[in-house]
Amino acid sequence: MKKLLIHLLILFISRETLSQCPTIQTQPVSQSDCDGNSIRMIVKADGSTFQWEKKRPNDSQFSAVSGATSAQYQIYPSGGTLHPSGTLYRVKVSKNSCQVYSQEASITLHSITSIVNPSICERGIGTLTPQIPSSSLAQVQNYQWTRSVNGGPFEDMVDDANFSGTKDKELVISNAMMTLNSQKIKVRINFSISPNNDNEGSLTNENQSSTCPRTSTEVSLQIKNAPVPTHASNLYKGCVDSPISINSTGCSPYSTYWYNEQGQKIGEGARMNISLTDASPHLFKATCFKNGCESLPSLGTYAQGFPVPEAPSNSGTPTQVCSGAIITFKASGGSNNLWYLNAIDKNTVSTATSIQVSQTTNIGQDNLEIIRWVSQKINECESPKTAIRVTVAPSLLADAGENKQLKGDDLYDANSFTTAIRGVPPYSFTWSTSNNTPISANQVSNPIIGPFRSSAYIKVQVKDQLNCIAKDSVFIQWENQVINIPQDSIIVPEIPRDSTVVTIPDIGQEDDDISTPIDEEEPSVNPSPPWHEITYTMEPLCQQDAYKIEVQGCPGNVMYFNQYGPEQLRAQGAEWIVDASYELFVQIRCSDSNSNTINLRIPVLKKPKIPIIKNFEQDVCQGQVAQIEIDHVFKNQFIGWEKDGHFFSEAFILHQELEAGQYQAIIQQGTCFYRSEVLELIIRIPPPVTTIIASKTSLCLKDTSLLATTQFYPYVKWKNGEKASNVKFLAQQVGVFEFQVQVSQDNQCWSDWSNSYSIQVHENPIPPNITASPALGFCQGDSILLKAPTEYINYLWNTRITTPNYNVKSPGWYWLKVQNQFGCWSVSSDSVQTYHYPEEPIPNIEAIPSKQFCTGESIELQASHAHAYLWKNESTEERIKITDSGTYWLKTRNVYGCWSKRSEEVSIYRRENPLLPAIKKSGVYFLEAISLDQPDQYEWKKDHQRLNDQEALIKAKEVGIYEVRSLKQYDLYPLKSLICYSPYQKISMSIPENMQGMSIFPNPNKNGMLQLELLDDIPQAEAKIFDFLGNEIIQYNLPSSTQPIKLQLPQIPAGTYILKIIAPNYSKEKMIIISP
C-alpha cells in the first residue's frame, strides 16, 4: 500500500511538470524573397521567453541572434554576411524551467551579382549574361534589359539590328560598332517569392506579393578596336623563287596577321618573307590582332618577283699591273654593282661603279693575284658573283752597280753585275751621267762608261714588258776629288749670317710738340746728347739647338728682356747664346738711354730625330731585297745616303739587295745639315729547302691530318700562315690541297719553299637546318620540338641525342651533325638558342578607392599592367567592378603567353547601409527619427537644405518638408573610415499658430507629469504655476528649451491653474487643467 501511494505521488508530480512546458502552435516557415528585403519569421507558442538562433551555410552550429527575443523576428536587411541565402533559423521557446526548439526554417534569396562579358570586339558578336545564384534560376519570371545612351535615363530595350534577346537571359550584341562604346546596360529581373510575406508592411505575413524585382548594377559596354596597319612601301621587290621581305607598321606591340589575295591567312609578324613563282605583282594585306580583336585589313601592299640578272663581267679592269700600281676594278653592272672581298661574303665592301686597290706592292719572286668579286642588284634581286682577277708582277729592281773611285782614263764597266731582275723580262735600259761622260751604248744592259773628267753620278732606268720602271744610281769619284757631303764631324757648310741693321725711321715731330718759333737770334741752350743706333746678328748653332746673338753699337751694357708679359731680364752682354728649343720673343736694350730698342723673334731651332724605316726587323738574309727610307716629311730636305761614311746614293728609298755595313741618311733644314740614326746592316745565310711528311693524305671535310718537316728546325713557316713545326690540317673544302713550307734557324733567314705536298678532301654533307616547332621560345614547364632533315644516315646532337627530332625542355644552345652515305659527317649546323620567355611577375591588385564600400555602391580592382588578365571570377579585364564582399586574386599573362603565379588575395568588404529610419512628431515642435538598427548619427534636411542637427530628436522651428537619413561609420585599419547612409525619410511639418510658441501636454493632466515645449530657444528660464487667486504653487528652473522639458507637478487639487514661463525679454503663460 505504501509503494502504491509513492507511485501515485510520482505520477502526479510528472503530470504537473509536463503541463508547465511551452507548446508551439505554429512553426516558422521557410521563405524565398529578394536579397535585401525584409523577411519575418513568426512562431506561435505559449512560452514566456523566446530566443531566435541562426546557422549560416558556413557555420558549424546554431548561434543565438542578439536582440531576437520575441515571437516574431524580422530579418532586415536580408543577405550580406549576416543573413546569406541558405541560412537556417529556429527559436528556443522557454516556459518556467522548460525549453523547446521550433522546427528549422530557411531563407532563399534572389539577387543579381554582376553582368559578365561586357567587352566586345569591334564589328564582333558578344553576349551579356547576368550572374544569379543557381537556386534562383527556377524562380525567374521574366527579364528586361535596359540601356542608357550618353548619360541619359535607362530605357527598356527592344530587339534591333545590334541587340537581340532583350527579354531573355542573354543579351546578344551583333556587329558591335564603336558608337556603342561606353553605353551603359542593366538588366531587371522579376523573381517568384514565397507567399505570406511582409513585403507590404504586414506584421503577420499576410501579404500576397508573388514577385520581387531586382535590377543589376550597370556595366559599360567596352568595344575593343585594333589599329589598322600601314605599309612603308607600295611595292616590295625581289627575285622569283627567293624570299621577298614585306612589312607593315602600326601594330606594335600587338600581333600582325597577313592575308593573300584570296583572303587566306598566310603568316604572322610585322615582317614576313614570301616566295613568288612568277613575275606578276601580288597583293598582300595585313591586320592587327589586339586583345583578342582583329582590325580591318590594311589598304595592302604589292610584292613582285623579278628574274635573276646575269652576273656582271669585267669592264676595263687590267689583267696584269706593275707592283705598287693602283688597280681600278670595273664591272659591267655600273651603278648596280655590289663588290665583295670573296665569293662567300654577305657584306659588301662597296656599292660604287668601280673600286680601287692601292696596296699592290709585290716583294716576292712569284706573281701576286688580287681578286675582287662583283654582282649586280636590279629590282632588289642580286645576280651571282663574278671573280675579277688581276696579276701583280714581282717588283722590278734596277742596279747601277757600286760607288767607285776612278783615276785618269779608268772606265766604269757594267758587265760585272746584273743590272735588272724580276718584273716581266725582257727589259729596256736607259743609261745617263750627270756630267755627260761618254757611254758606249746607253740602251744596253751592261755598257762601258768613261773616261771621266770630273766626278759624277751614273743613272740607269729599266723598263719591262708591262712598262714597269725601276731606277738606280751610283757616284763615281774621279782622281783626287772629295765628295762634298755636309757632315758635322768633317765639314760644316757656311751658314749665312743675319747682318740686317735695324734702324728707327724718322717719323717727324708730333703735333703736340709744335711750339712758338724761337727768335733766330736767341742762342741754343743744352745741346742733345749723341744717338746710338744698335744692331744685331743672329747665327744658328745647329748641333746645339741654339742661336748666337751679337749686338753692335751699344756704348754701355746690352740687356735682353721679355718682349711680352712681365718685365724680366733674361740675359746681359753683347753676345748671348740662347736656347732655341721653343719660340721666344725678346727686346734688346742698351743701358744708354739715348739708343733704340730691338724687338726680336727667336724661332725654334731643334735637331730633328730621323729614324730609319726598314722592311726587316733585325738582319737581312742573303739574296733578300732590303728597303730602307726615312719619313716622307723629310723628302724635300733629303740630300742622300751614306754607307760606311761615304756617299752612297741619292735615291730617297733604297730598295735592293744591300751589302753589310752602316747606313745613314742626310737632310738639310735651312742652313743646317743633319744625319739620321745609324743602321747597322748584317747579312745572314738561310738554310736549304726541306721536305714535308703527313699522317693522312685522304680526308673527309672537318677531318684532320698532321703535317711536319723531315728535319727539325726551331722556326717553320707554312704557306697557309701556320708557324708551328707540326700543322694540323682541317679539311674545310672538297678538292686537292697543296702545302709548302719554309724553315729557319733564327726566324729571320728562311729557306726557299719546299716542293708541293698534296692532300685529297672528300665531300661532306651540307650543314643541316634546324626548325623549331612552334618557336624557339617557350614558357617555363613547356617544351618545343627541334627537327632536322630526314634524308641522312646518322645524327648527332650536341647533347648526344641521335634521332632527327629532339624534344627540348630546357633553354640552351643546340646544334647537330649529320652523316651521309660516304661516312663523312657534316660540320655542325648553325646553333639555335632555345630560351624561356620572360617570367610574368606576380601582379599587384589595387582597390579603388578603398577595400570597403556601402551596399548599393561598388569599387574597382585595378591590376598592375600586363598583356592579359584572369581574375578569380574569370574576368579577363584589367579592371573589374566589385559589388559584394569577398576575396579576390588575379593571374596575368605577358605578351609571350606565359602566366604569372596567383597574386595575394585581397579581401573586400561590402558594408550594410543603415535601415531607412521612420520619422514621427514628438509633441508639437519636435521631430524624432526612429531606427530599428543603431546608427551612429543622423543627417537632417529642411527643404533640401542640410541642418546641423545630428541627433534623433530635433526641434522643428519652421514649417517645411523635413528629411532625415541614418549614418553608420565603419573602420578598417589602416584605411580611411567609411560612412554609409540610409535613404532619406520625409515628413511635412506644420506649426500651430494658436499655441503662441508654447505647448503643454497632456492638458488636461491627471498623472502629474507635464511635457513643456517652447518654440523659441531659451537657454535660461523659470516656470511658475499659479492658482486663479494668484498664489504661486511651485517654481521650476528650466533647462535649455532645445529639447522637450519634463515638469513633475506637486500634489494639488483638481482645477484650473496658470503656468507662466519667465526669462529675460521673454514671458508667456498658459492655462493648465488638473483632472481628478
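Where a number appears in this text, it was derived from the coordinates with a stated rule and is not lab data. Note that the structure is predicted; figures quoted are calculated from it, not measured. Please note: Cβ atoms are built from the backbone with ideal geometry, for glycine as well, and neighbour counts cover all protein chains shown.
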#### Entry: Label assignment, semi-axes √(5λ) of the Cα gyration tensor in Å derived from the structure, set (1) 100, 42, 26; (2) 57, 33, 30; (3) 118, 56, 29
(3)
### Query
Got a sec to turn the phi values of segment 919-936 into Karplus ³J(HN,Hα) couplings, 6.51 cos²θ - 1.76 cosθ + 1.60 with θ = phi - 60°, whole Hz, x for Gly and Pro?
10, 10, 7, 10, x, 9, 10, 10, 10, 10, 8, 10, 10, 6, 8, 10, x, 6
## Note on the structure
1/(1 + (r/R0)^6) with r = Cβ-Cβ of residue 971 and residue 344, R0 = 56 Å, i.e. FRET efficiency to nearest 0.05, evaluates to 0.10
### Message
Given points 7 Å out from each Cα along the Cα-Cβ axis, report the residue 469 to residue 1034 separation in nanometres with one decimal.
### Response
15.0
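Taking 0.36 nm per residue of sequence separation and subtracting the Cα-Cα distance, how much length would be gained by fully extending the chain between residue 874 and residue 762, in nm to one decimal?
33.9 nm
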### Query
Residues with beta-carbon under 15 Å from that of residue 716, excluding residue 716: net charge, scoring Lys, Arg +1 and Asp, Glu -1?
+1
#### Entry: Sites residue 220 and residue 785, calculated FRET efficiency, Cβ-Cβ separation with R0 41 Å, nearest 0.05
0.40
#### Entry: Pairwise centroid distance, computed over Cα atoms, of segment 128-145 with segment 232-264, Å
49
### Qualifying trypsin sites (Lys or Arg not before Pro) for segment 295-386 [loop in DSSP, other Cβ within 10 Å: at most 16]
346
### Query
Label points 7 Å out from Cα along the Cβ direction at residue 944 and residue 831: separation in nm?
7.8
### Task
For helix 2-18, report the angle its Cα long axis makes with the longest principal axis of the Cα atoms of the chain; keep it between 0 and 90° and round to the nearest 10°.
60
### Message
5 Å is the cut-off here: which amide hydrogens, built 1.01 Å from N in the peptide plane, fall below it relative to residue 406, excluding neighbours closer than 5 in sequence?
### Response
477, 478, 479
### Query
If r is the Cβ-Cβ distance from residue 291 to residue 805 and R0 is 35 Å, what FRET efficiency results, to the nearest 0.05?
0.50
### Where labels lie 7 Å past Cα in the beta-carbon direction, separation of residue 904 and residue 695 in nm
6.5
### Task
Give me 984, 412, 582 ranked fewest to most by other Cβ atoms within 10 Å of their Cβ, as a rough exposure proxy.
582, 984, 412
### Query
What is the packing order of peptides 846-853, 282-289, 572-579, taking the mean over residues of other C-beta atoms within 10 Å and listing the highest first?
282-289, 846-853, 572-579
### Query
Which aspartates and glutamates have a Cα less than 13 Å from the Cα of residue 901, not counting those fewer than 8 places away in the same chain?
839, 840
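For segment 698-764, which trypsin sites (Lys or Arg not before Pro) are in a loop by DSSP, counting at most 16 other Cβ atoms within 10 Å?
For trypsin sites (Lys or Arg not before Pro) across segment 698-764 that sit outside H, G, I, E and B with at most 16 neighbouring Cβ atoms in 10 Å, the list reads 702, 719, 723.
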### Task
Would you please give the residues with an amide H less than 5 Å from that of residue 193, counting only those at least 5 places away or on a separate chain, with H modeled from the backbone geometry?
211, 212
### Query
By how many nm would the segment from residue 56 to residue 988 lengthen if fully extended, with 0.36 nm per residue of separation less the alpha-carbon distance?
331.3 nm
### Task
Among the GluC sites (Glu not before Pro) in segment 123-215, which ones are in a DSSP loop with at most 16 other Cβ atoms within 10 Å of the Cβ? Mind listing them?
170, 200, 206
### Proxy reagent accessibility, fewest Cβ within 10 Å first, across 87, 23, 834
23, 834, 87
### Query
What is the set of long-range amide H partners of residue 315 at a cut-off below 5 Å, with H atoms built 1.01 Å from backbone N?
330, 331, 332
### Query
Can you give the extra length, in nm with one decimal, that the chain gains between residue 30 and residue 432 once fully stretched, where that is 0.36 nm per residue apart less the Cα-Cα distance?
131.0 nm
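For the pairs 169/290; 1024/1070; 920/1068; 957/986; 404/643; 265/891, flag any whose C-alpha to C-alpha distance is greater than 21 Å.
169/290; 920/1068; 265/891
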### Task
Per residue of segment 785-800, in order, report the coupling 6.51 cos²θ - 1.76 cosθ + 1.60 (Karplus, θ = phi - 60°) as ³J(HN,Hα) in whole Hz, putting x for Gly and Pro.
10, 9, 10, 10, x, 9, 8, 9, 7, 9, 9, 8, 7, 5, 9, 6
### Karplus (6.51, -1.76, 1.60) ³J(HN,Hα), θ = phi - 60°, over segment 75-80, in Hz, Gly and Pro reported as x
9, 8, x, 7, x, x
